[in-house]
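Asks: Below you'll find the structure I mean.
The values are calculated or read from the model by the stated rules, or taken from the named source; none is laboratory data. In this text, all values refer to a predicted model and were calculated from it rather than measured experimentally. Using ideal geometry, Cβ is built from the backbone for each residue, glycine included, and neighbour counts are taken over all protein chains shown. Just the protein is used for accessible areas: all its heavy atoms, side chains included, with ligands, DNA and RNA removed. Shrake-Rupley method; radii C 1.70, N 1.55, O 1.52, S 1.80 Å.
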Amino acid sequence: MVTDRLKSLDVHKVQQIIKWTVYSLLIINWGFYVYEDWTRAAFTLNENSTWFDITTAYATTLDQLAWFTLLFMFELETYVLEDTNWKTSLAMSAARIVCIALIAHTLVAYTQTVINYSKIQPVENATSFCDVADAEVSYVYNLAYTEVTPENCASLPETDVVLWAGEIKDQVVATPASLQLELNLAWADEIEAIVWLLILAAIEIVVRMQDRGIAGGRVITNLNRLKIGLYAILLTIGVYWASLGHWVYLWDEILWIGGFAAIEMNLSQWRDEITDETAAEQLQEASHA
């Protein structure tokens with residue numbers, strides 16, 4: 001009885017349900033990052049902030065929007081349109097360029113953050129947070145900001161030197177330990193962004209090859225192996241975030257890997273179709289020989 005039920009199960013339908021559930025959860029998670037960027041921007045932006053400062057503060061929001069668009073286009077290319085004689089439209093090409101530009105901006109923003117946090121700049125004449133309690137600054141630790149006031153300054157970590165958090169003058173301060181943690185987290189963001197770009201490049205190459213009817217070979221095999229290693233690096237970064245209490249980041253990483261796993265599944269099914277079509281054509285040619 002159980003075997004009959006399993007046989008009658010529409011595997012394709014289950015795959016589609018799982019896939020669109022992952023996509024929906026990713027959109028919900030995006031709302032969390034929009035709120036998180038907006039909350040942090042209240043501490044890091046002021047009336048003197050430049051346009052780049054503003055887009056940097058919302059880098060994660062813009063980055064995820066770009067990845068959503070790319071994921072949607074990959075879904076079209078590898079599932080909806082993969083077996084049709086279609087040509088990439090001008091609109092899709094333009095959208096792809098905009099998305100890559102946004103992702104590149106995110107990488108630049110993360111790089112700038114790493115550079116900023118690498119610059120040690122002590123606050124003059126300050127040996128405790130109470131010395132800056134009236135300066136309208138906030139203390140940063142593990143991506144969380146606490147406004148420094150005369151009422152709470154004594155409860156903040158003891159320190160012999162108060163540091164500016166990067167080049168955010170007159171706004172955010174840190175201890176040497178908390179600044180080092182922010183730098184470590186900034187490096188994690190930087191590495192993650194680079195890894196995702198490598199995955200994007202690998203998928204793009206495979207899609208273009210399969211669009212030309214190439215379903216196998218050393219290049220595709222090596223790219224698939226490379227992607228497995230890159231996904232493992234992403235999971236490692238996610239575990240690091242979780243170890244610091246950022247469980248949502250690990251959850252988000254798993255969801256994004258799940259989203260691109262759906263694209264990988266589409267690519268695999270597409271390869272099977274190409275292989276079957278090639279075998280059928282060869283059989284037909286042989287029968288006419």
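Asks: Could you compute the net charge surrounding Ala42? Neighbours are other residues with a C-beta less than 12 Å from the C-beta of Ala42; K and R count +1, D and E count -1.
Replies: On the way: positive: Arg40; negative: Glu36, Asp37, Glu147.
That works out to -2.
Asks: Evaluate E = 1/(1 + (r/R0)^6) for Thr221 and Thr111, where r is the Cβ-Cβ distance and R0 equals 41 Å; express this FRET efficiency to the nearest 0.05. Write out the running numbers ahead of the final one.
Replies: Numbers: r = 33 Å, r/R0 = 0.80.
Calculated transfer efficiency: 0.80.
Asks: Want the number for Ile120 to Trp247: 0.36 nm per residue separation, take away the alpha-carbon distance, what's left?
Replies: 42.8 nm
Asks: If I model a spin label as a point 7 Å beyond the Cα along the Cα-Cβ vector, how far apart are those points for Trp20 and Val34 in nm?
Replies: Label at Trp20, label at Val34, 2.2 nm between them.
Asks: For the residue pair Ala104 and Ala42, what label-to-label distance in nm results when each label sits 7 Å from Cα along the Cα-to-beta-carbon direction?
Replies: Distance between the two pseudo-spin positions: 3.5 nm.
Asks: Specify the angular offset, from 0 to 90 degrees and rounded to the nearest 10, of the alpha carbon long axis of helix 90-118 from the longest principal axis of the alpha carbons in the chain.
Replies: It works out to around 30 degrees.
Asks: Please give the residues of region 113-151, grouped as numeric ranges, whose backbone N is less than 13 Å from a label point set 7 Å along the Cα-to-Cβ vector of Glu158.
Replies: From region 113-151, the list is 128-129.
Asks: Mind putting a number on the dipole of the chain about its Cα centre? Charges go on the C-beta only, +1 for Lys and Arg and -1 for Asp and Glu, and I need it in Debye to the nearest 20.
Replies: That gives a dipole near 1020 debye.
Asks: Of the DSSP beta bridges with both residues in the chain, give the percent that are antiparallel, rounding to the nearest 5.
Replies: 80
Asks: Another question, then. Can you sort Asp134, Asp63 by 1.4 Å-probe accessible area, starting with the largest?
Replies: Putting Asp134, Asp63 in descending order of accessible area: Asp134, Asp63.
Asks: Any chance you could give the angle, 0 to 90 degrees and rounded to 10, that helix 247-288 forms with the longest Cα principal axis of the chain?
Replies: It works out to around 20 degrees.
Asks: Heavy atoms only, probe 1.4 angstrom, no DNA, RNA or ligands counted: give me Trp247, Trp196 ranked by accessible area, highest first.
Replies: Descending accessible area places them as Trp247, Trp196.
Asks: What net charge do the residues around Ile214 carry, taking every other residue with its C-beta under 10 Å from that of Ile214, with Lys and Arg at +1 and Asp and Glu at -1?
Replies: My count for the surroundings of Ile214 gives +2.
Asks: Right, another one. Identify, among Leu107, Tyr139, Trp187, the residue whose Cα sits farthest towards the positive end of the charge dipole of region 84-215, taking +1 on the Cβ of Lys and Arg and -1 on the Cβ of Asp and Glu, with the dipole about the Cα centre.
Replies: Sorting the options by dipole projection puts first Leu107.
Asks: In square nanometres, what is the average projected area of the Cα convex hull of region 171-217?
Replies: If you wrap the Cα atoms of region 171-217 in a convex hull and average its projections, you get 5.0 nm².
Asks: Hey, another quick one. Among Ile191, Ile228, Ile100, which one shows the biggest mean-square fluctuation in a GNM of the chain, springs joining Cα atoms closer than 10 Å?
Replies: Ile228
Asks: Let me ask something else. Under 5 Å between amide H atoms, partner at least 5 residues away or on a different chain: which partners does Ala144 have, H built in plane at 1.01 Å?
Replies: Long-range HN contacts for Ala144: none found.
Asks: What do you reckon, how do Met73, Met209 stack up by accessible area (1.4 Å probe), largest on top? Provide the component values of the computation, followed by the final result.
Replies: On the way: Met73 10, Met209 35 Å².
The residues order as Met209, Met73, largest area first.
Asks: Related question: Quick one: work out Rg over Rh on the C-alpha atoms of the chain, Rh as Kirkwood radius. Write out the running numbers ahead of the final one.
Replies: Numbers: Rg = 24.4 Å, Rh = 22.0 Å.
Using only Cα positions, Rg/Rh for the chain is 1.11.
Asks: Ok, one more. Kindly express, to the nearest 10 degrees and within the range 0 to 90, the angle between helix 11-44's C-alpha long axis and the longest C-alpha principal axis of the chain.
Replies: 20
Asks: Out of all DSSP beta bridges with both ends in region 78-235, state the antiparallel percent to the nearest 5.
Replies: Taking every DSSP beta bridge with both residues in region 78-235, the antiparallel ones total about 80 percent.
Asks: At 0.36 nm per residue, and after removing the present C-alpha to C-alpha distance, how many nm does the segment from Arg96 to Lys13 gain when stretched out fully?
Replies: Difference between extended and current length: 27.0 nm.
Asks: Rounded, prolate or oblate: pick one for region 116-233, where a ≥ b ≥ c are the square roots of the eigenvalues of its C-alpha gyration tensor, a/c under 1.5 means rounded, and failing that, prolate if a/b is larger than b/c, else oblate. Let's see the in-between values first.
Replies: Numbers: a/c = 4.49, a/b = 4.29, b/c = 1.05.
Verdict is prolate for region 116-233.
Asks: Could I ask something else about it? Quick query: amide H of Asn46 versus all other amide H atoms, modeled in the peptide plane; which residues come in under 5 Å with a sequence gap of 5 or more or a different chain?
Replies: Long-range HN contacts for Asn46: none found.
Asks: Further, regarding this structure: Among Asn266, Thr56, Leu156, whose Cα sits farthest toward the positive end of the charge dipole of the chain (+1 at Cβ of Lys/Arg, -1 at Cβ of Asp/Glu, about the Cα centre)?
Replies: It is Asn266.
Asks: Label points 7 Å out from Cα along the Cβ direction at Phe72 and Ser128: separation in nm?
Replies: Simple spin-label model gives 5.5 nm for this pair.
Asks: Counting Lys and Arg as +1 and Asp and Glu as -1, what is the net charge of the other residues whose Cβ lies under 14 Å from the Cβ of Tyr23?
Replies: Here the count lands on -1.
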